[in-house]
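Asks: For reference, the structure I am asking about is given below.
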């Protein structure tokens with residue numbers, strides 16, 4: 001019962017810019033696109049190692065979001081198992097597909113475009129929206145509008161449009177929330193299943209404006225005082241002009 | 001799919017002391033015991049409302065742990081459904097019971113007393129230990145040594161000994177970690193199932209010394225740099241003399 005596991009994995013830090021005072025959101029879209037291509041290249045390289053089951057890419061910005069380095073960076077962690085949160089999300093999507101024969105994320109996108117109240121922005125390839133049941137105030141997702149199960153399968157015009165969608169979201173969040181600490185996580189398919197009908201890769205952006213406390217740790221439920229419709233409206237209406245932000249520590 | 005739920009529940013704040021500068025850990029054991037009796041009385045009263053499925057008691061101490069009031073207090077939230085974390089924990093315990101015909105927590109207590117390296121303290125009724133796979137540095141659990149599924153079933157000498165165990169843990173944590181922010185959560189059986197063979201109520205004490213970041217939000221796995229054996233040794237060896245602590249905001 002208490003056997004120790006042998007560790008196997010990879011942990012890489014992706015430095016997003018040589019400029020110590022810049023942050024991902026203040027880079028020009030072309031430089032953000034370079035960062036996305038780097039994510040893709042590192043995923044494709046690490047996928048050659050068959051021991052890895054999942055490659056997680058995430059970003060901690062600001063001390064309150066757990067960033068321990070001030071210089072703008074993202075992180076990649078390759079894991080020998082599927083993380084439990086992903087396993088649960090993928091299983092839910094699988095069950096929905098069995099029931100409806102449609103991808104749940106494709107259905108959400110259709111429904112949100114129709115309702116429009118939670119949509120923050122849209123371009124040729126991506127939709128940015130406040131999810132129906134966000135855990136955190138201003139939690140925002142970016143999803144490819146066409147079904148695509150893995151981040152690394154994206155075409156070049158998709159990386160170009162994702163960079164634009166990210167630039168827009170991060171600039172607007174800086175305007176509305178005054179350079180908030182945030183976590184950004186890419187949710188994508190497991191390494192061995194990069195093409196499937198049921199899972200739809202996306203980015204989850206979570207500003208850290210509230211603290212996770214006893215209620216959340218005791219239940220797995222989240223108290224969120226900000227309705228997603230309001231958060232989406234604030235972000236939708238925010239100016240794209242860059243504020244004079246001081247990078248978070 | 002997007003129907004709204006009607007809210008039903010109760011939320012109570014238990015003020016632990018009239019003294020604004022005191023904290024639960026600095027109260028005399030007898031006053032801590034009074035707080036525990038209050039928890040029990042409120043649970044017994046709220047259980048009369050058949051719409052409640054679970055009664056959660058927790059405590060946020062210090063701003064970093066999400067406390068929004070400075071004055072020492074605990075909280076009670078009565079919920080119309082079983083929280084997902086509890087449902088998972090209870091289901092795991094049920095599966096273990098089906099397999100072994102023993103309570104998994106009783107087995108853990110036996111094994112930890114035997115191994116002794118993760119035990120922090122013990123009295124007639126309670127054991128205080130660092131769990132084998134803690135999510136957080138210095139995460140510590142207090143469990144009744146005899147099988148008991150619900151907090152509110154505890155006998156009077158148990159409340160007396162629980163107050164002593166809590167006093168000891170909180171005093172030692174203050175000494176070792178310098179008045180850390182923390183969350184404390186009582187894990188107990190669902191309202192409708194207060195007597196069962198498989199679930200064993202306990203308290204989880206989680207000092208907030210590290211930040212939950214992108215890796216944790218993306219995986220459900222926790223990075224913890226402090227081995228439980230080391231945390232247990234620090235707490236075991238700490239003096240019970242009270243430090244001159246300044247209450248956290």
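None of the figures in this text is laboratory data; all of them are computed from the coordinates on show. From a predicted model like this one, the values you see are computed outputs, not experimental measurements. Because the Cβ atoms are built from the backbone with ideal geometry, glycine has one as well, and the counts that use them run over all protein chains shown.
Asks: Between B:216, B:139, B:70, find the one with the highest GNM mean-square fluctuation for chain B; connect C-alpha pairs within less than 10 Å.
Replies: Comparing B:216, B:139, B:70 in a Gaussian network model of chain B, the most mobile one is B:216.
Asks: Okay, next question. Based on C-alpha coordinates, I'd like the Rg and Dmax of region B:132-175, in Å.
Replies: 12.3, 32
Asks: Counting other beta carbons within 10 Å of each residue's own, what order do A:45, B:125, A:114, A:107 fall into, fewest first?
Replies: Values: A:45 11, B:125 20, A:114 8, A:107 14.
If I rank by nearby Cβ atoms, fewest first, I get A:114, A:45, A:107, B:125.
Asks: Taking chain A as a Gaussian network, where each spring joins two C-alpha atoms under 10 Å apart, which residue of A:205, A:234, A:138 fluctuates the most?
Replies: Of A:205, A:234, A:138, the Gaussian network model singles out A:234 as fluctuating most.
Asks: When the distances between all Cα atoms of region A:73-147 are binned every 10 Å from zero, what whole-number percent does each bin get?
Replies: Whole-percent P(r) values from 0 Å outward: 16, 39, 37, 8, 0.
Asks: By counting other Cβ atoms within 10 Å of each Cβ, how are A:240, B:158 ranked from fewest to most? Intermediate results must be reported in sequence, preceding the final value.
Replies: On the way: A:240 10, B:158 19.
So the residues, fewest neighbours to most, are A:240, B:158.
Asks: Now, a different point. I'd like to know how the protein assembly as shown sits against the 2.2 N^0.38 Å rule of thumb: what's its Cα Rg over that expected value? Can you show the working numbers first?
Replies: On the way: Rg = 24.1 Å, N = 498, 2.2 N^0.38 = 23.3 Å.
In units of the globular-protein estimate, the protein assembly as shown measures up at 1.03.
Asks: Whole percent per 10 Å bin, from 0 to the bin with the longest distance: what is P(r) over all C-alpha pairs of region B:121-249?
Replies: Per 10 Å bin, starting at zero, the Cα-Cα P(r) for region B:121-249 comes out as 12, 39, 33, 15, 1 percent.
Asks: Roughly speaking, what is the centre-to-centre gap between region B:43-59 and region B:136-178 when only Cα atoms are used, to the nearest Å?
Replies: That distance is 21 Å.
Asks: Pop the C-beta distance of residue A:221 and residue A:95 into the FRET formula with R0 = 35 Å and round what comes out to the nearest 0.05.
Replies: On the way: r = 21 Å, r/R0 = 0.60.
Rounded to the nearest 0.05, the efficiency is 0.95.
Asks: Once label points are set 7 Å from the Cα along Cα→Cβ at both residue B:195 and residue A:124, what is their separation, rounded to one decimal in nm?
Replies: My value for the distance between the label points is 7.0 nm.
Asks: Just need the relative contact order of chain B here, percent rounded to a whole number, with Cα pairs under 8 Å and 6+ apart. Don't skip to the answer; put the middle values down first.
Replies: Numbers: 454 pairs, mean separation 64.6, N = 249.
That works out to 26 percent.
Asks: Moving on. Say we join alpha carbon atoms closer than 10 Å with springs in a Gaussian network model of chain A; which of A:149, A:74, A:239 then has the biggest fluctuation?
Replies: A:239
Asks: Let me ask another. Taking every residue in A:219-225, how many Cβ atoms of other protein chains lie within 10 Å of its Cβ, on average?
Replies: Values: counts 13, 6, 7, 0, 2, 0, 0.
Mean shielding by partner chains, rounded to a whole number: 4.
Asks: Measuring label to label, 7 Å along Cα→Cβ, what does residue A:157 give against each other copy in nm, shortest first?
Replies: From this label point to the equivalent ones elsewhere in the assembly: 7.8 nm.
Asks: Another question, if that's okay. Treating the Cα atoms of chain B as identical point scatterers in vacuum, please give the log10 of the normalised Debye intensity I(q)/I(0) at q = 0.15 Å⁻¹, two decimals.
Replies: These q points yield log10 I(q)/I(0) values of -1.17.
Asks: Starting from a Cα-only point model with no solvent, please compute log10 I(q)/I(0) by Debye for region B:164-212 at q = 0.31 1/Å.
Replies: For region B:164-212, the Cα-only Debye profile gives -1.18.
Asks: Name the chain A residue with the Cβ nearest the axis that maps A onto B: which is it, and what is the distance in angstrom?
Replies: A:212, 3
Asks: Further, regarding this structure: So what are region B:25-72's ellipsoid semi-axes, whole angstrom, largest first, if each one is the square root of 5 times an eigenvalue of the alpha-carbon gyration tensor? Don't skip to the answer; put the middle values down first.
Replies: Values: eigenvalues 116, 58, 9 Å².
Three semi-axes, in Å: 24, 17, 7.
Asks: 222 nm [θ] for chain A, helices only, -39500 (n - 2.57) per DSSP H run of 4+, per residue, to 500? List each step's numbers first, then the result.
Replies: Working: 6 runs with 85 residues, N = 249.
About -11000 deg cm²/dmol.
Asks: Mind sorting A:176, B:120, B:13 by how few other Cβ atoms lie within 10 Å of their own Cβ, fewest first?
Replies: On the way: A:176 17, B:120 27, B:13 11.
Result, fewest neighbours first: B:13, A:176, B:120.
Asks: Over the alpha-carbon set of region B:11-133, divide Rg by the Kirkwood Rh and report the Rg/Rh ratio to two decimals. Could you put the intermediate results ahead of the total?
Replies: Values: Rg = 17.4 Å, Rh = 17.3 Å.
Here the Rg-to-Rh quotient is 1.01.
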